[in-house]
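This report refers to the structure that appears directly beneath it.
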Number of protein chains: 2
Amino acid sequence: MSTELDPIDERIVALLSADGRMTNAALADAIGLAPSTVHTRVRALVDRGVITGFHAALDQGALGRGLQAVIGVTLRPGARQESIRAFTQEVRRIPEVIQVFFLGGADDFLVHIAVEDSSAVRRFVVDHLSARHSVASTRTSLIFEYHRNAVAADFD
Amino acid sequence: MSTELDPIDERIVALLSADGRMTNAALADAIGLAPSTVHTRVRALVDRGVITGFHAALDQGALGRGLQAVIGVTLRPGARQESIRAFTQEVRRIPEVIQVFFLGGADDFLVHIAVEDSSAVRRFVVDHLSARHSVASTRTSLIFEYHRNAVAADFD
DNA sequence: CGTGAAAAACCGAACAA
DNA sequence: TTGTTCGGTTTTTCACG
């Protein structure tokens, strides 16, 4: 929230988004400022909550999860906010889950998972989604390609 | 690809996924090894491609993009691989785009965007998606909540 | 493969401008 | 707000177990 970023902060943010381990010295001479200035700004960005964290990106295939899928989920019409909250909280704790989107639109949720193979997809849907009373239907799509420009912070 | 990780590598990967700026010393005593050992393993994980990078997570709202959406896209039945490749390559370069999923299923693509407001959503869809000859239809859903457990590497 | 020690690089804070 | 200096920390390499 709050006020926009100045052009220098925008460059810092863009650079750290691409390489979160860039040193202040590297940032400094990519931008043309002194390292200490960059340091001050980076810390300010973190303190302000513009940068919410730093994370390693993982090749899921190398972790034995070579198949990814997106599952659209619709809840029963009667589902109340409690069951929506419960659904979110519980689904996001499952280790195969990479992201959870709570939507307004045709589907109520999108769940992005990475698993070992197609039978693990089926198991995931059956065990964790269809098994829930609040879930009305699911629609599974396999992911053939995936591209990420940025890492978005969690929000609700 | 390739061989599974041993339990120590798995812990390193989990810790760096949560905090990509943990120092080797911090990793070392979370795990019970010497910092130099941890360092060697982290570098090996990066060299092997298990860890594909480190990235700052950004509060999109703080960047003036307080509204996120997912847009399901279907291409014309006649769309050939060339136009699919072109679509992916061009869409992912648009700055509002956070992620692009190329799917097998009902939709051909999912595009995750962060923009300023709802009129920017409409503009995005009209200018960048509907305007394309290869796009048959789009279905936009606003994102009310978003949760991320991990950062997945790009793949195709 | 893991360790400890040594060298280089880097960070973070204090201060000056 | 930016630049400079400096002590402490972190990274990185390497010889050894």
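When A:Ala26, A:Ala62 are screened for being within 7 Å of another protein chain (Cβ to nearest Cβ) and of a type outside the set (Asp, Glu), only A:Ala62 passes. Among the residues of segment B:88-102, those identified as in contact with a helix residue (DSSP H, G or I) (Cβ under 7 Å, 6 or more places away or on another chain) and either under 14 Å from B:Gln68 (Cα atoms) or not assigned by TED's automatic domain parsing to the domain that holds B:Thr138 (or both) are B:Glu96, B:Val97, B:Val100.
Within segment A:29-42, residues that are within 14 Å of chain B (Cβ to nearest Cβ) have Cβ atoms under 7 Å from residues that are of a type in the set (A, V, I, L, M, F, W, C) and more than 8 Å from DNA strand D (Cβ to nearest atom) in these pairs: A:Val38/A:Ile12; A:Val38/A:Leu27; A:Val38/A:Ile31; A:Arg41/A:Ile12; A:Val42/A:Ile12, counting only partners at least 6 apart in sequence or on another chain.
Every residue, every condition in (1) in contact with a helix residue (DSSP H, G or I) (Cβ under 8 Å, 6 or more places away or on another chain); (2) within 16 Å of DNA strand D (Cβ to nearest atom); (3) at pLDDT below 95, yes or no:
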{"site": "A:Asp6", "(1), (2), (3)": "no, yes, yes"}
{"site": "A:Ala18", "(1), (2), (3)": "no, no, no"}
{"site": "A:Ala26", "(1), (2), (3)": "no, yes, yes"}
{"site": "A:Val42", "(1), (2), (3)": "yes, yes, no"}
{"site": "A:Gly72", "(1), (2), (3)": "no, no, no"}
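Select, from A:Gly105, A:Gly72, A:Gly61, the only residue that is at positive phi, outside the structural domain of A:Ser17 (by TED's automatic domain parsing) and not basic (Lys, Arg). So the residue among A:Gly105, A:Gly72, A:Gly61 that is at positive phi, outside the structural domain of A:Ser17 (by TED's automatic domain parsing) and not basic (Lys, Arg) is A:Gly105. Just one of the numbered conditions (1) at the interface with chain B (Cβ under 10 Å from one of its Cβ atoms); (2) over 17 Å from B:Phe101 (Cα atoms); (3) surrounded by fewer than 16 Cβ atoms within 10 Å (Cβ to Cβ); (4) not hydroxyl-bearing (Ser, Thr, Tyr) is not true of A:Arg123: (1). Anything in segment A:105-120 that is buried (at least 20 other Cβ atoms within 10 Å of the Cβ), under 21 Å from B:Val151 (Cβ atoms) and of a type outside the set (A, V, I, L, M, F, W, C)? List them, or say none. Hit for segment A:105-120 is A:His112, nothing else. Consider segment B:68-86 and keep the residues that are crowded, with 17+ Cβ neighbours inside 10 Å and within 11 Å of another protein chain (Cβ to nearest Cβ). The one that is farthest from the chain's Cα centre (by Cα) is B:Ile84. Given the condition within 13 Å of DNA strand D (Cβ to nearest atom) and within 18 Å of the chain's Cα centre (by Cα), answer yes or no: does some residue in segment A:51-63 qualify? The answer is yes; a qualifying residue exists. Can you find, within segment A:89-104, the residue that is farthest from the other protein chains (Cβ to nearest Cβ) among those that are surrounded by fewer than 18 Cβ atoms within 10 Å (Cβ to Cβ) and over 22 Å from A:Ala120 (Cβ atoms)? Ranking the candidates gives A:Gln89 first.
The values are calculated or read from the model by the stated rules, or taken from the named source; none is laboratory data. Model, not experiment: these values are computed from the prediction. Cβ sites come from the backbone with ideal geometry, for glycine too, and all protein chains shown count toward neighbours.
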